[in-house]
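Single-structure report; data block below.
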Amino acid sequence: MTSDADILFASIDTVGALYRNGELSPVEVTELILARIAALNPTLNAFITVTADQALSAARQAEQDFHRGSPRGRLHGIPVALKDLVDTAGIRTTAGSRILADHVPTVNADLVRYINSEGAVLVGKTNLLEFAYGIVHPDYGPTWNPWDSTRTAGGSSGGSAAAVAAGLCYAAVGTDTGGSIRIPASYCGIVGLKPTYGLVSLDGVFPLSWSLDHAGPLARNCQDAAYLLSAMRMRPLEKLQTIDLAEWRFGILTEHLGGAEMQPAVRKAFDAVCDRLRSAGARLRPVAIPHLALADGALLTVIAPEASAIHARWIKERPDDYAPLTRQQIELGFALPAVAHVRAQQYRRYLTAQFLAALERVDVILSPTAPWVAPHADPAVVGDEGAAEARRTGPYNLTGLPALTLNCGFSPEGLPIGLQLAGRPYADELLLAIGAAIEQLLPEVTPKHVT
Amino acid sequence: MPEIATIDANFICQIARANGLDLSLERAEALLPAVRDLLAVDTQIANLHLQALPAIGETWEPRGLTDDK
């Protein structure tokens, strides 16, 4: 390692190897990360709470473990962050809201217990849209994009995405109900995985919509994301399998290539990566999903009543404590008939059957992750812009199928563009392995240092 | 359920009240476009005639395709 930046942006494998051979210590790395957070968080606003004391204590423990020759897992001594709706015992967990501003859980979420058991170093709780739903609450303010600090990092896991992209941690946990891991990961040029529904425990994660919520990893490469995913599940993983792209069949989801919202630079980058895959011998063919256009409305018809049920007491007792747009979206859920919610749930099974039929002909479905590069502000979930932003991610929340985003290029102004890969139920590690192969295929677009 | 085009703020107040939330007419008015849009999608979903297709459980269970599990 020749510079601090090399250490801050190294892979988890590289840092772990340096820990094991004694060239670097978890305390040194944690101090470096905390110094970078102190320098950049006033600009990025990626963290709501920085847990410096706890992080240094965990790093010292990790250092002793390495000296004793008893490493605990791939994340041992690795600084990570958690979206601030994941319960952490003794550390306030705000969900980006005024309502939970002073909430200090007494018990860790399941996934926190699992990550802690691997010896990870928690450096802080990351910023998010209020309750992962509405808009950013003015008490916290937006998270800004490390690639252009006049633009949003995306929502709702924007703090996690910005922290990873800016070298403020090596990986972070996010949640995704309509695209909230993949959209900010795309805007920030990193990897984000929405796992198969149910793969990661949500016990201790504040819900937005029980039937659509997922927790997953954000990282700077697919292997690092795989390590965090395996830790979140407490299923040890060695290395991702090596993939020969020529052996896999890719479907291009034609409905998601166009639309008035699609920026030309995004389409151009997507077409370019398809050409590179063909050059590598991969087989690509178009796929179509019947009645996919209904997914935008179905997604909101599921989310809105579920979110409203969760917030039923607070919306009556403390309506002014919500950001105005969050309040309006919660009210919307009370104005929809129950049968519409049930029919939207039925549509999810119908839609999944259509995707699984396509996934008999191909192994992976490709599309752009978002139709545009990071905008200057997050659009409201309800409305045309919000629907367009989540149009390519929401179907995989409805179906529960795993979906991965990784960077595949840059716009003329130098902003990252995401490529989305989706697969069959429980194909999460396969998607990450294919993503790692695509990273090898596109070394020029794998972000290095963001300053 | 009235025709979607005739749904007004009064209707939204009534359904919200039935669901446990009192809304002013002004706040109900602000919800009108979204409610109409979502009910229009619901009408299209209803026209798929999904009948007894389950509304709960793992989404891929109706086809039983879990070969990667």
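What follows is calculated from the coordinates using simple rules that are stated; it is not laboratory data. Computed from a predicted structure; not experimentally measured. Backbone-built Cβ (ideal geometry, glycine too); neighbour counts: all protein chains shown.
Quote the FRET efficiency, to the nearest 0.05, computed for A:ARG278 versus B:GLU58 with a Förster distance R0 of 25 Å and r equal to the Cβ-Cβ distance.
For A:ARG278 and B:GLU58, the calculated efficiency is 0.15.
Can you list the residues, at least 5 places off or on another chain, whose amide H is less than 5 Å from the amide H of A:ALA171, using H built in the peptide plane?
Here A:ALA81 satisfy the definition.
Taking Cα pairs under 8 Å and at least six residues apart, what relative contact order does chain A come out at, in percent?
Reported as a whole number, the value is 18 percent.
For region A:123-198, take the convex hull of the Cα atoms, compute a quarter of its surface area, and give me that in nm², please.
Taking a quarter of the hull surface, the average projection is 5.1 nm².
Can you give the average number of partner chain beta-carbon atoms within 10 Å of each beta-carbon in peptide A:337-348, as a whole number?
6
Just how large is the dipole of chain B about the Cα centre, in debye to the nearest 20, putting +1 at every Lys and Arg Cβ and -1 at every Asp and Glu Cβ?
The calculated dipole for chain B is roughly 100 debye.
Nearest 10 degrees, 0 to 90: what angle lies between the long axis of helix B:25-46 and the longest principal axis of chain B (Cα atoms)?
Tilt of helix B:25-46: around 30 degrees.
If you average the sequence gap of Cα pairs under 8 Å that are 6 or more apart and divide by the length of region A:4-233, what percent do you get for the contact order?
Once normalised by length, the contact order is 21 percent.
Strictly greater than 18 Å: what percent of every Cα pair in chain B meets that?
56
Can you list residues from other chains, or at least 5 along the same chain, whose modelled amide H is less than 5 Å from the amide H of A:ARG249?
For A:ARG249, the qualifying residues are A:ASP363, A:VAL364.
Take the Cα pairs of region A:295-347, get the Kirkwood Rh, then feed it into Stokes-Einstein at 4 °C and 1.567 mPa s and tell me D in µm²/s.
115
Would you mind giving the mean number of other chain beta-carbons within 10 Å of the Cβ of each residue in A:294-306, as a whole number?
For peptide A:294-306, the averaged partner shielding equals 3.
Among the helices of chain A (complete DSSP H runs), which have Cα atoms covering no less than 18 Å along the helix axis and a Kyte-Doolittle mean of at least 0.5?
TM-like helix candidates: A:26-44, A:295-310, A:428-441.
Among residues other than A:ASP320 whose Cβ falls under 14 Å from its Cβ, what is the net charge (Lys/Arg +1, Asp/Glu -1)?
0
Label points 7 Å out from Cα along the Cβ direction at A:ALA288 and A:VAL339: separation in nm?
Placing both labels 7 Å along Cα→Cβ, they lie 3.1 nm apart.
If I take R0 = 56 Å and measure r between the Cβ atoms of B:ALA46 and A:ARG60 in this structure, what FRET efficiency does the formula 1/(1 + (r/R0)^6) give, to the nearest 0.05?
Using R0 = 56 Å, I get an efficiency of 0.40.
Please compute the modelled spin-label separation between A:ASP53 and B:ARG36, points set 7 Å along Cα→Cβ, answer in nm with one decimal.
Result: 5.6 nm between the two label points.
Compute the signed sum of charges (Lys and Arg +1, Asp and Glu -1) over the other residues within less than 10 Å, Cβ to Cβ, of A:ASP203.
Net local charge, A:ASP203 excluded: -1.
Give me the percent relative contact order of chain B, please, defined on Cα pairs under 8 angstrom at least 6 residues apart.
Answer for chain B is 26 percent.
Based on DSSP, what percent of beta bridges with both residues in region A:4-233 are antiparallel, to the nearest 5?
So the antiparallel bridges in region A:4-233 amount to around 65 percent.
Which value, in debye to the nearest 20, describes the size of the charge dipole of chain A about its Cα centre when Lys and Arg Cβ atoms bear +1, Asp and Glu Cβ atoms bear -1, and nothing else is charged?
Result for chain A is approximately 820 debye, rounded to the nearest 20.
Working only with C-alpha atoms, what are the Rg and Dmax values of region A:219-302, expressed in angstrom?
When restricted to the Cα atoms of region A:219-302, Rg and Dmax are 17.1, 44 Å.
Can you give the direction-averaged projected area of the convex hull of the alpha-carbon atoms in region A:187-252, in nm²?
For region A:187-252, the mean projected area of the Cα convex hull comes to 6.5 nm².
Tell me which chymotrypsin sites (Phe, Trp or Tyr not before Pro) from region A:105-187 have a DSSP coil assignment and no more than 12 other beta carbons within 10 Å of their own.
Sites meeting the loop and neighbour criteria: none at all.
Taking 0.36 nm per residue of sequence separation and subtracting the Cα-Cα distance, how much length would be gained by fully extending the chain between A:ALA246 and A:ALA260, in nm to one decimal?
Extending this stretch completely gives an extra 1.7 nm.
How would you classify region A:78-156 from its alpha-carbon gyration tensor, with a ≥ b ≥ c the square roots of the eigenvalues: rounded for a/c under 1.5, else prolate if a/b is greater than b/c, otherwise oblate?
Oblate, because a/c is 1.5 or more while a/b does not exceed b/c.
Once amide H atoms are placed 1.01 Å from N in the peptide plane, what residues at a sequence separation of 5 or more from A:THR94, or on another chain, have their amide H within under 5 Å of its amide H?
Excluding prolines and chain starts, which carry no amide H, there are no hits.
Using the Cα centre of the protein assembly as shown as origin and beta-carbon charges of +1 (Lys, Arg) and -1 (Asp, Glu), tell me which of A:PHE334, B:LEU38, A:ILE434 is placed farthest towards the positive end of the dipole.
A:ILE434
Quick one: if the Förster radius is 25 Å, what FRET efficiency do A:ASP271 and A:GLU444 give, using the C-beta to C-beta distance and rounding to 0.05?
For A:ASP271 and A:GLU444, the calculated efficiency is 0.95.
Can you compute 3J(HN,Hα) from phi for each residue in region A:182-192, using the Karplus curve 6.51 cos²θ - 1.76 cosθ + 1.60 with θ = phi - 60°, rounded to whole Hz and x for Gly and Pro?
6, 5, x, 4, 5, 5, 9, x, 10, 8, x
If you project the alpha carbons of region A:4-233 onto the principal axes, what extent comes out on each, in Å, largest first?
47, 35, 32
In the calculated pair distance distribution of the protein assembly as shown, what percentage of Cα-Cα distances lie above 37 Å?
25
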